[in-house]
Every structure is written in structure tokens, then in C-alpha cells.
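Accompanying notes for the structure given below.
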Amino acid sequence: MIDNTAMYKLSYGLYMLTTTDGQKQNGCIVNTVSMLTDNPKRVVVFVNNANYSAELLKKTGIFNVSVLDESAPFELFKQFGFVSGRDTDKFAGGRYETSANGLYYLTDHANAYISAKVVDAFEYGTHTLFVAEVTEAEKLQDSKSVTYEYYQQNIKPKPQAPKAEEKPTAEKWVCKVCGYEHEGELPDDFICPWCKHPASDFEKVN
Ligand code: FE
């Protein structure tokens with residue numbers, strides 16, 4: 001048997017991944033960045049293929065990872081996690097600087113950034129695994145890096161419980177990852193429109 005709740009016990013950080021199509025920049029939030037080797041200094045990042053960033057990484061191959069800290073507000077996750085960079089300017093209103101590769105990195109709510117260049121890409125169905133060579137890296141401050149668990153417990157808003165006097169009219173499901181609410185029956189092949197996670201990441205709230 002495979003107990004899905006065992007998978008939830010893996011620990012993850014949260015990172016802003018910035019990419020470019022050659023002109024316009026894009027950003028998204030990912031939870032899978034790790035160092036692969038120290039010499040040469042290489043990192044890996046997994047990106048959902050439904051995400052515009054996967055397409056851009058295959059096209060131009062350069063990216064920055066900003067390591068988010070515990071001060072990161074929900075609005076940041078909403079802005080970069082749940083809307084597509086194809087048709088919005090996600091960077092409007094935030095605080096960013098540009099690293100040597102020409103890409104943005106976050107200067108508030110991040111404690112470090114790493115610039116890298118893709119050397120290999122491996123397709124695994126829904127996701128692509130990118131292996132990349134680090135070209136620049138800098139610590140910005142000593143704040144605590146945010147974990148996915150901390151995000152779930154302290155940053156993501158709690159779903160609203162239905163008021164006692166209100167009769168629940170339809171089934172309601174909430175995405176455990178991003179908080180998206182779905183009303184009515186949830187099909188098995190449902191994909192969260194905000195964070196692209198599957199139906200198994202939804203919980204029934206009434
Ligand atoms: Fe979601």
C-alpha cells in the first residue's frame with residue numbers, strides 16, 4: 001500500500017523561481033530545489049509542466065531561485081503561485097533587484113538567491129527535472145527559511161467554517177495546497193486551477 005500521508009511527512013522549502021522568455025520575466029513558487037553536487041556546484045529543481053516556467057526553462061535555460069523566509073505574506077504566494085505569468089506582470093509592486101544574469105531576485109521576504117544555468121532536463125510525465133550549474137549565489141540576510149509546513153500552519157488562510165445558521169447547499173472542497181475553493185462534486189481527474197495540484201490534494205469542508 002501507499003499511504004499518501006507518509007508523503008506529506010517529507011519536508012520542503014519554498015522558493016521563488018524567476019525565469020525569462022528572452023525579454024519578459026516570469027516568476028513562480030516551487031517547493032523543490034536541492035543542491036546536487038558541491039563540485040561543480042549544481043542544483044536541481046522540479047517544475048510542473050503545466051507551469052509556464054517549465055516552458056521558459058526549456059527555452060532559455062537560466063533562472064534565479066530566491067529562498068523565501070518566514071516573513072513571506074500569503075499575497076506573495078497568491079501572486080506567484082496561483083496566476084499564470086503568460087498574461088500578467090507578476091512583479092508589479094514588489095521589491096526586486098537584478099543579478100548578473102539579468103533576472104530578478106526578491107530582496108524582501110528572501111534570505112538568499114542562487115543564479116543558475118540549466119545543463120540537463122529530464123521529462124517525468126507531469127514534471128521536468130532540471131539540473132543546473134550555479135553561476136552566482138548570495139546570502140541576503142539571516143532570517144529563517146520558510147518550510148512548506150510553516151506555510152500550511154502560519155501563512156495560508158484557514159478555510160472559513162460554514163456559519164451555524166446557514167444550511168450547507170452544496171458540497172465544498174478546499175485545496176490543501178493553495179486554499180482554492182471548489183463547490184459541488186469533485187471529479188477524480190480535477191486539477192486545481194490555481195496551483196495545478198490533483199483532486200487528492202483537496203479536502204471536503206462541507
Ligand atoms: Fe491549489
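The values are calculated or read from the model by the stated rules, or taken from the named source; none is laboratory data. Here the structure is a predicted model, which means the values were calculated and not measured. The accessibility values were calculated without ligands, DNA or RNA, using every heavy atom of the protein model including side chains. Shrake-Rupley method; radii C 1.70, N 1.55, O 1.52, S 1.80 Å.
Amide hydrogen proximity for CYS192: with H placed 1.01 Å from N in the peptide plane, the residues at 5 or more positions away or on another chain lying under 5 Å are HIS197. The heavy atoms of MET35 present about 120 square angstrom of accessible area, all protein chains included, probe 1.4 Å.
Ratio of Rg to Rh for the stretch 101-206: 1.10 [Cα atoms; Kirkwood radius as inverse mean 1/r over pairs]. Three principal axis extents of the chain based on alpha-carbon atoms, in descending order, are 58, 36, 33 Å. Rg of the Cα atoms in the stretch 85-156, relative to 2.2 N^0.38 Å, amounts to 1.34. When LYS59, LYS196 are compared by accessible area of protein heavy atoms, the largest-first order is LYS59, LYS196, using a 1.4 Å probe. Computed 3J(HN,Hα) for the stretch 143-157, one whole-Hz value per residue from the Karplus formula 6.51 cos²θ - 1.76 cosθ + 1.60 where θ = phi - 60°, is 5, 7, 5, 7, 9, 4, 5, 4, 4, 4, 8, 10, 10, 5, x, glycine and proline marked x.
Values of log10 I(q)/I(0) for the stretch 1-91 across q = 0.17, 0.24 Å⁻¹ run -0.81, -1.29, by the Debye formula with one identical scatterer at each alpha carbon and no solvent.
Amide hydrogen proximity for GLU136: with H placed 1.01 Å from N in the peptide plane, the residues at 5 or more positions away or on another chain lying under 5 Å are SER115.
State which entries of LYS90/LYS139; LYS59/LYS158; LYS144/LYS172; LYS58/LYS158; LYS90/LYS196; LYS41/LYS139 exceed 26 angstrom in Cα-Cα distance in the structure shown.
Numbers: LYS90/LYS139 24 Å; LYS59/LYS158 38 Å; LYS144/LYS172 35 Å; LYS58/LYS158 36 Å; LYS90/LYS196 18 Å; LYS41/LYS139 16 Å.
Pairs exceeding the cut-off: LYS59/LYS158; LYS144/LYS172; LYS58/LYS158.
Its convex hull of Cα atoms gives the stretch 56-109 a direction-averaged projected area, equal to a quarter of the hull surface, of 4.2 nm². Computed from phi, the 3J(HN,Hα) profile of the stretch 104-111 under the Karplus parametrisation 6.51, -1.76, 1.60 (θ = phi - 60°) reads 6, 9, 7, 9, 10, 6, 9, 10 Hz, with x in place of Gly and Pro.
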